[in-house]
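The structure under discussion appears below in the form of structure tokens.
Any read-out appearing in this document is the output of simple, stated calculations on the displayed coordinates, not a laboratory observation. Remember, predicted model here, so these are calculated numbers, not experimental data. Cβ atoms come from the backbone with ideal geometry, glycine included; neighbour counts cover every protein chain shown.
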Amino acid sequence: MVDLSMIKSAAAVIRPVVKKTPLDYASYLSERWGRTIFLKLENRQKTGSFKIRGAYYKLKCLMEQEAVKSVVAASAGNHGQGVALAANLLNLPSTIVMPQNAAIAKINAVKAFGGQVILKGSTMDDCFAEAFTLHIEHDQHLIHAFDDADIIAGQGTVGLELIDELDSIACVVVPVGGGGLIAGIAAAVKESIPTVKVIGVQAAGAASMVNAVNSGRIEKLPIVSTIADGIAIQQPGELTYALVRKYVDELVTVSDEEIASAILFALEQSKLVVEGAGAVTLAALLHNHLDLPQGNSVLILSGGNIDINQLARIIERGLVKSHRRMRLRTVIPDLPGALTELIQIIAQSQANIVEIYHNRLALDVLLNDTEVVLNVEIRDQAHASQVLAALKRAGYQPVLI
């Protein structure tokens, strides 16, 4: 079992390699929620996430125990980058098995850090099976992403940094996938300050740890679906589950729409690029899933490795969720000037048309009419209501889609 002394040992080993990431006071969030809130910026860590901490410590421990020829890991991105960089720093060959649908940017990042990439299947189960085969057939050491004591101890060094930087801590809020990060942080802070409240946040579409804790047993989810691909884990680890049961006070879930709005908030308000997995803690706060105690609370932003194409889609979803973008459908006469009249009404309402689709071939409208679909930029929900009301007064029948 992982304990404080093991985490302190990990901190000493990784100190020359790993960044001590910023702990930023979040003035807006603190004022809005009446609490003292800090953001731990692991999105600014080497490789763009906390994963280098556990990966480097694990490899160092392996090399002290036995001769290591090469290592292999299964990963959709962050763990693979951490293992690849750690192996490179220690002059070890590494093989990272990634799903065939992995983001090109993450594949290229693993290669840039020195890892050999093998694309296999479409799920992490496919990748892990291939990695295990390489482990058996080629004597490569398999580096698990979360269910490993050394990995957990390395991730727990985040907790030690919090203790070093703050005079007191009332609450720590941590993203949860397989549970390696929260298990390590919780062990570090709870053994140092037993009164600290530790809250874990999972994506609702991949709530494997939440289900395990609620049911009292580990079960594999039949499917996971979330934009937070870094924590899209079907089954938590045995060791991480035990540590979560021992140290974590509460687990909550957030929807993809809430995650998207948190990513957008981080970009706009804090000027931070945060991936879905890293933004779940912020999403839980913004959408009132957290009951923070008085005192210093820390939200862990665990990573910033987000695909640009996915970021564009997430921004769009975030704009819709925050009522600054709406997509509507209406019908107009198929006559010259009809579209201009519609556009003028929207312009007079001080809304901006981002995209417009004029479809004469829609089968559910009359032959003399045409369908128009508009993507409209608005200020807020009240402004959206004003735009819709103006269209209705002019005789249109707008429908939100």
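Between Ser70 and Gln269, the modelled labels are 4.7 nm apart [label points 7 Å from Cα along Cα→Cβ]. Kirkwood hydrodynamic radius of the chain, from the reciprocal of the average inverse Cα-Cα distance over all distinct pairs: 22.7 Å.
In terms of the ratio Rg/(2.2 N^0.38 Å) built on C-alpha atoms, what value belongs to region 271-382? Mind showing how you got there, number by number?
On the way: Rg = 20.2 Å, N = 112, 2.2 N^0.38 = 13.2 Å.
The reported ratio for this selection is 1.52.
Any idea what diffusion coefficient region 70-187 gets from Stokes-Einstein, in µm²/s, Kirkwood Rh on alpha carbon pairs, 37 °C, 0.692 mPa s? List each step's numbers first, then the result.
On the way: Rh = 15.0 Å.
Value of D from the Cα-based Kirkwood radius: 218 µm²/s.
Take the Cα coordinates of region 146-197, assign each an equal point scatterer, and use the Debye formula without solvent to give log10 I(q)/I(0) at q = 0.23 Å⁻¹. Once normalised to I(0) and log-transformed, intensities are -0.78.
Using C-alpha pairs below 8 Å separated by at least 6 residues, the relative contact order for region 35-182 is 24 percent.
Annotation: extensible slack from Thr195 through Ser215 equals 4.6 nm (criterion: 0.36 nm per residue apart, minus Cα-Cα distance). Bridgeable lysines around Lys120 (alpha carbons under 27 Å apart, same-chain partners fewer than 8 residues away excluded): Lys46, Lys51, Lys58, Lys69, Lys106, Lys111, Lys220.
The gain in end-to-end length when the Ala382 to Glu238 segment is fully stretched comes to 47.0 nm, 0.36 nm per residue minus the alpha carbon separation. Of all beta bridges that DSSP places with both ends in the chain, some 45 percent have antiparallel geometry. Over the C-alpha atoms of region 269-333, the Rg to Rh ratio, Rh being the Kirkwood estimate, stands at 1.12.
Each semi-axis of the equivalent ellipsoid for region 220-311 is √(5λ) with λ an eigenvalue of the Cα gyration tensor; in descending order they amount to 22, 19, 11 Å.
Taken along its three principal axes, the alpha carbon spread of region 54-135 comes to 36, 24, 18 Å, from the longest extent down to the shortest.
What's the FRET efficiency of Arg245 with Asp291 using the Cβ-Cβ distance as r and R₀ = 22 Å, to the nearest 0.05?
Details: r = 20 Å, r/R0 = 0.93.
So the FRET efficiency works out to roughly 0.60.
This ranking places Tyr25, Tyr241 by how few other beta-carbon atoms lie within 10 Å of each, fewest first, which gives Tyr25, Tyr241. Taking a Cβ cut-off of under 13 Å around Ser385, the surrounding Lys, Arg, Asp and Glu residues balance to a net charge of +2, with basic ones at +1 and acidic ones at -1.
Could you tell me what fraction of 2.2 N^0.38 Å the Cα radius of gyration of region 1-131 comes to, as a two-decimal ratio? Mind dumping the intermediate values first?
On the way: Rg = 17.1 Å, N = 131, 2.2 N^0.38 = 14.0 Å.
That works out to 1.22 for region 1-131.
Between Ala129 and Arg313, the simple label model (points 7 Å from Cα in the Cβ direction) yields a spacing of 2.5 nm. Return the whole-Å distance between the Cα centroid of region 24-95 and the Cα centroid of region 118-159. Centre-to-centre (Cα) distance: 14 Å. In percent, rounded to a whole number, the relative contact order of the chain is 15, using alpha-carbon pairs under 8 Å and six or more apart. Computed over every Cα-Cα pair of region 115-261 and binned at 5 Å starting from 0, the pair-distance distribution P(r) comes out as 2, 10, 17, 19, 19, 15, 10, 5, 2, 0, 0 percent. Taking only the Cα atoms of region 23-94, the radius of gyration and Dmax are 17.1, 54 Å.
Under a Cβ-Cβ cut-off of 10 Å, what is the net charge of the residues other than Val373 that fall near it, where Lys and Arg count +1 and Asp and Glu count -1?
On the way: positive: Arg327, Arg329; negative: Glu355, Glu371.
Charge balance in the 10 Å sphere: 0.
Using the Cβ-Cβ distance between Trp33 and Ile104 with R0 = 60 Å, the FRET efficiency computed as 1/(1 + (r/R0)^6) comes to roughly 0.95. Secondary-structure-derived ellipticity at 222 nm for the chain, considering helices only, amounts to -14000 deg cm²/dmol, per-run term -39500 (n - 2.57) for DSSP H runs with n ≥ 4. If you look at the Cα atoms of region 171-241, you get an Rg and a Dmax of 12.2, 38 Å. Per-residue 3J(HN,Hα) values for region 145-152, derived from phi via the Karplus relation 6.51 cos²θ - 1.76 cosθ + 1.60 with θ = phi - 60°, read 6, 8, 8, 8, 4, 5, 4, 4 Hz in sequence order (x marks Gly and Pro).
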